[in-house]
1. Starting from region 283-303, keep only residues that are within 19 Å of Ser468 (Cα to Cα) and basic (Lys, Arg), then list their pairs with residues that are at pLDDT 90 or above and open to solvent by less than 10 Å² (accessible area, probe 1.4 Å) whose Cβ atoms are within a distance under 6 Å, requiring at least 6 positions of separation or different chains.
2. Could you tell me which numbered condition Gly584 fails, if it satisfies all but one of (1) buried (at least 16 other Cβ atoms within 10 Å of the Cβ); (2) modelled with pLDDT of 75 or more; (3) not in a strand (DSSP E or B)?
3. What residue, of Asn654, Asn597, is part of a strand (DSSP E or B) and either open to solvent by 80 Å² or more (accessible area, probe 1.4 Å) or at pLDDT below 75 (or both)?
4. If you take the residues of region 208-224 that are in contact (Cβ under 8 Å) with a residue 40 or more places away in the chain, under 42 Å from the mean Cα position of the chain (by Cα) and more than 20 Å from Gln445 (Cα to Cα), which of them is most open to solvent (accessible area, probe 1.4 Å)?
5. Could you please tell me which pairs satisfy a Cβ distance under 9 Å, a separation of 6+ or placement on different chains, a first residue in region 418-441 that is surrounded by 13 or more Cβ atoms within 10 Å (Cβ to Cβ), and a second residue that is among the small types (Gly, Ala, Ser) and part of a loop (DSSP other than H, G, I, E, B)?
6. With the condition kept exactly as written, say whether any residue in region 21-30 is at positive phi, in contact (Cβ under 8 Å) with a residue 12 or more places away in the chain and not acidic (Asp, Glu).
7. Every residue in region 522-538 that is surrounded by fewer than 20 Cβ atoms within 10 Å (Cβ to Cβ) and within 25 Å of the chain's Cα centre (by Cα), please.
8. Within region 160-174, is there a residue that is modelled with pLDDT under 95, surrounded by 12 or more Cβ atoms within 10 Å (Cβ to Cβ) and among the aliphatic types (A, V, I, L, M)?
Amino acid sequence: MKLMIVESPGKVKKIRALLGSQWRVEASVGHVRDLPVKDLGVDLQSFRPVYQPTERGKGVLSKLMGAVRTADMVVLATDPDREGEAIAWHLADALRLQMPLRATFAEITQGAVAQALEHPREIDMNLVKAQEARRVLDRLVGYKVSRPLSNVIGGNKTAGRVQSPALRLVVDRERAISSFQVVTHFGVELTFDAFDNITPGWKASWQVKAFLEPGQEHILDKALAEDVAGTRRVTVLACRDEESRKAPAPPFTTSSLQQAASSVLKLSPKLTMQLAQSLYEAGHITYMRTDSPNLSDEAAAAILEFCRSQGLPAVATPRKWKSKANAQEAHEAIRPTHIEVEEAGETEKMRALYALIRQRTLAACLEDAVFSVRTVALKGDELRGRPVEFMAKGRSLKKPGWKQVMNTVAEEEDTEGEIQNPVPALQAGSQLNVGKGVVVTRQTQPPSRFTEASLVNAMEGCGIGRPSTYAKILESIQERGYVRLEKRFLVPTADGEAVIDALLGKFTFLNYDYTAVLEDSLDNLAVGRVTYIDVVRPAFADLMAEVDAFNASNEIPCPECGKPLRHIQKAPGKGGKGGYDFWGCSGYPDCKASFANENAKPGNRKEAGAKTSALSEHKCPDCGKPLAHRVKDGKGGYNFWGCSGYPGCKVNFNDDNGQPAI
């Protein structure tokens, strides 16, 4: 019996059917080992990681060990990326496999699986080390920065090598929106009467450049715009007819699929990847984690042949697109495995996503859409000693090209559309009467908040994360309470902004270009140009220098023993109980000094014997801050509710059976 081990259980049934009865197919269910949950798990001298079976991995390894004992041959067919290569190595190491075979395929079809088995290879340790370096650096940043961060701003806060710069994108965008100054500006639109039996209603817009002062972008003078709108006769300066061409978008990468599915199908990136995973496992599409926009030569040739057989306007030679910076391009773009299959998927959403992928793939192999474009330049009488000029532009579809395979839903991606402005053919020098002129009032718009999909696009542009991690990053910053989703838009929370304020300017991993530079190092490691130590050791040395500087700049010594104070915070639980917010000595229990938190700084000393003041769900009627239940037992004890903003706000209330008597 031959044994093949894949990652996802969803693939097992399909691959068993392809391989036949001589094969046993089992799944690792992702990673079977990882760094320990409660310890650093990295030797800081050698930077060698210490791996342990995950809770799920223990049972999986036990099952696989039994399968290995009865197998004549073991093939590790985990996913065709660095993560999959690392999983294959972990399986080989944990199962003590001797000379295991590594096979990869980007689509689950008879041909692809057979070809992979005909050309097996050894595990690529360069790829394994690249994944290991990323995992270790993520752990080092998280462990070494999160505690100092929590000490400064309170609570159980976390920092991450990719999580934090992704959060910064959201915070920076929110602040750009808050600081945006709206500018009201004016334009003019002319509508024309009938001319030589041409249907009236075509329009021309005022070209404002001649009236802009140096450094000015918009016309702010409404009176000037009103004078221009009074134009009643213009002269034709020129009329030009030409063709314009629009090429199709490239086939989907992970990032562009998530963006298109969000805008067209209203799917979240997480759900998009779940649906794509199911389509891949069922053999309908190629591997869905990729940063390459290009099809393989074999696939492109087959799709072009299909297009020609269907009478579609196929291009003469396959298109090639330039990948984004730092793209690994380990395998081709996302496409159907069988382009002739028009519908695939078990659910309505799966079928809709498959249709989107198929249409995008077909369109990429067809000719450009061709438009007829007419542009007319017009001139009115001079105003304030300057020329008053207008322009009318109309565009109509001449040859649909790739557009003929795009349905009306998918066409939402084509934001340019067609300019519906029936501009007539005109002769230079002709005089035209203006039907009416209107002032168009506009306002500059602030940048929009990120959606999950547009944040993925921004992360990809900055080199933050990889196709396999985008959805996880989005999930992480929301689960940790740093970002919330409001009507599909991402909004930073107060905690999220506090994290960025504390880290920004102190740690280089928060810089947008840091991750891209590190990815270059990991790419060099993946092809054997540098070693694991070459990448990890200097990155860790720089990190620890920044951690030491961060601690020194934020350290507040305890007035009793001199050891650093820590900001200790916990939000109230259900019923408003159990929360606290104070500064305590890091020398506890030897030093029990503690202080009230006042504007994120240590305030008044808390009396010995006083119970920790619990922040409650009750708000101070004067300043809106939470009330704290202050209790001290014994002689000189007390039991009352006071404002947590003390001493700035001295409002207090008697206790009434555990409630403030407001």
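1. Here the result reads Arg289/Thr254, each pair linking region 283-303 to a residue that is at pLDDT 90 or above and open to solvent by less than 10 Å² (accessible area, probe 1.4 Å).
2. In the conditions (1) buried (at least 16 other Cβ atoms within 10 Å of the Cβ); (2) modelled with pLDDT of 75 or more; (3) not in a strand (DSSP E or B), Gly584 misses (3) alone.
3. The match here is Asn654.
4. Only one residue fits best here, namely Ala210.
5. Asn421/Gly201; Pro422/Gly201; Val434/Gly380; Gly435/Ala194; Gly435/Gly201; Gly437/Gly230
6. Checked region 21-30: at least one residue is at positive phi, in contact (Cβ under 8 Å) with a residue 12 or more places away in the chain and not acidic (Asp, Glu).
7. Asp523, Asn524
8. Among the residues of region 160-174, at least one is modelled with pLDDT under 95, surrounded by 12 or more Cβ atoms within 10 Å (Cβ to Cβ) and among the aliphatic types (A, V, I, L, M), which makes the answer yes.
The values are calculated or read from the model by the stated rules, or taken from the named source; none is laboratory data. Quick caveat, the model's predicted, so the values are computed rather than measured. FYI the Cβ positions are ideal-geometry reconstructions off the backbone, even for glycines, and counts take in every protein chain you see. Note: accessible area is taken over every heavy atom of the protein model, side chains too, but ligands, DNA and RNA are not part of it. Shrake-Rupley method; radii C 1.70, N 1.55, O 1.52, S 1.80 Å.
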